[in-house]
1. Go through the range 142-152 residue by residue and tally those that are of a type in the set (S, T, N, Q) and within 19 Å of the chain's Cα centre (by Cα).
2. Looking at the range 82-125 only, could you name the residues that are open to solvent by less than 40 Å² (accessible area, probe 1.4 Å), in a loop (DSSP other than H, G, I, E, B) and either modelled with pLDDT under 95 or closer than 25 Å to Lys190 by Cα (or both)?
3. For the subset of the range 141-162 comprising residues that are in a strand (DSSP E or B), open to solvent by 60 Å² or more (accessible area, probe 1.4 Å) and away from ligand 2 (no atom under 15 Å from the Cβ), which member is farthest from Asp16 (Cα to Cα)?
4. Being more than 14 Å from ligand 2 (Cβ to nearest atom), in contact (Cβ under 8 Å) with a residue 60 or more places away in the chain and among the acidic types (Asp, Glu) narrows it down to one residue among Asp123, Asp97, Asp138; which is it?
5. Considering only the range 1-55, how many residues are of a type in the set (A, V, I, L, M, F, W, C) and not in a loop (DSSP other than H, G, I, E, B)?
6. I want to confirm something. Restricting to the range 163-186 and keeping residues that are open to solvent by 10 Å² or more (accessible area, probe 1.4 Å) and assigned to a loop (DSSP other than H, G, I, E, B), which single residue is nearest to ligand 1 (Cβ to nearest atom)?
Amino acid sequence: MPLLAQGIRHLPGHLDRVAQEALVEDIRAIVEAAPLYVPTMPKSGKPMSVRMTNCGSLGWVTDREGGYRYQARHPVTGAPWPSIPERLMALWREVADYPNPPEACLVNFYSDSARMGLHQDRDEKDFSAPVVSVSLGDDCLFRVGGTKRSDPTLSVRLSSGDVVVLGGEGRLAFHGVDRIYPETSTLLKKGGRINLTLRRVTLPLFSSPRRGEGGRKAAG
Ligand code: SIN
Ligand code: MN
């Protein structure tokens, strides 16, 4: 994606088929413990077309009364979210270039007609951490622009196994999903697309030195 803001990286086919299948099994277990539900928009209460759940110590939720936020429990069952699978923690360590672990993984399920309007991910406290996104199942048309809603956008087709990192100057880029391309993948038996986004939500209490910034040089 050469024309995208610095810090937005598209890693096509980053996960091979075996890794994708293993991840689908992880997600199956998560959805069993924390069922997909229909989120609603703040104020209007309008249902979103994607279904959602989360894993991690925090999960991103939205509803008419409370708006966009992170919370530690599933809004329907009241149970704590299941933990983030180790293979996603490993992916974060591999691509995030950020010294602390993610706290939330939003799981979005797109049926053939689902989409997601252009938005920024800005409910987190630490924008120095990227958002790491994984696509599984059917292809989609992903749109990404700049930090203003009116900035020009670029459309990219994302396929199963692709990873996108929204970091650096691209961390607050507007993005969305314009459409799903049904029957373009055999990964999910019943079709559709799963998107996973790993997020750091809170500011770390103690931040470890970033790579290449490993300690102060002795004075004098
Ligand atoms: C999101 O912005 O939460 C999802 C993006 C995607 O589905 O690729
Ligand atoms: Mn987003």
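The values are calculated or read from the model by the stated rules, or taken from the named source; none is laboratory data. A quick note: this is a predicted structure, and the numbers were derived from the prediction, not measured. Backbone-built Cβ (ideal geometry, glycine too); neighbour counts: all protein chains shown. To get the accessible areas, we keep the full protein, side chains included, count just its heavy atoms, and leave off ligands, DNA and RNA. Shrake-Rupley method; radii C 1.70, N 1.55, O 1.52, S 1.80 Å.
1. Residues of the range 142-152 of a type in the set (S, T, N, Q): 147, 150.
Right, trim to within 19 Å of the chain's Cα centre (by Cα) and you get 147.
Qualifying residue count for the region: 1.
2. Pro82, Ile84, Pro85, Ala114 - these are the residues of the range 82-125 that are open to solvent by less than 40 Å² (accessible area, probe 1.4 Å), in a loop (DSSP other than H, G, I, E, B) and either modelled with pLDDT under 95 or closer than 25 Å to Lys190 by Cα (or both).
3. Of the range 141-162, the ones in a strand (DSSP E or B) are 141-144, 154-158.
From the residues that got through so far, the ones that are open to solvent by 60 Å² or more (accessible area, probe 1.4 Å) too are 143, 155, 157.
Remaining after also requiring away from ligand 2 (no atom under 15 Å from the Cβ): 155, 157.
Values: Ser155: 23, Arg157: 17 Å.
For the range 141-162, the residue satisfying everything is Ser155.
4. Values: Asp123 fails: more than 14 Å from ligand 2 (Cβ to nearest atom); Asp138 fails: in contact (Cβ under 8 Å) with a residue 60 or more places away in the chain.
Just a single option satisfies the conditions, and that option is Asp97.
5. Final tally of qualifying residues: 14.
6. If we take residues in the range 163-186 being open to solvent by 10 Å² or more (accessible area, probe 1.4 Å) and assigned to a loop (DSSP other than H, G, I, E, B), then Phe174 is nearest to ligand 1 (Cβ to nearest atom).
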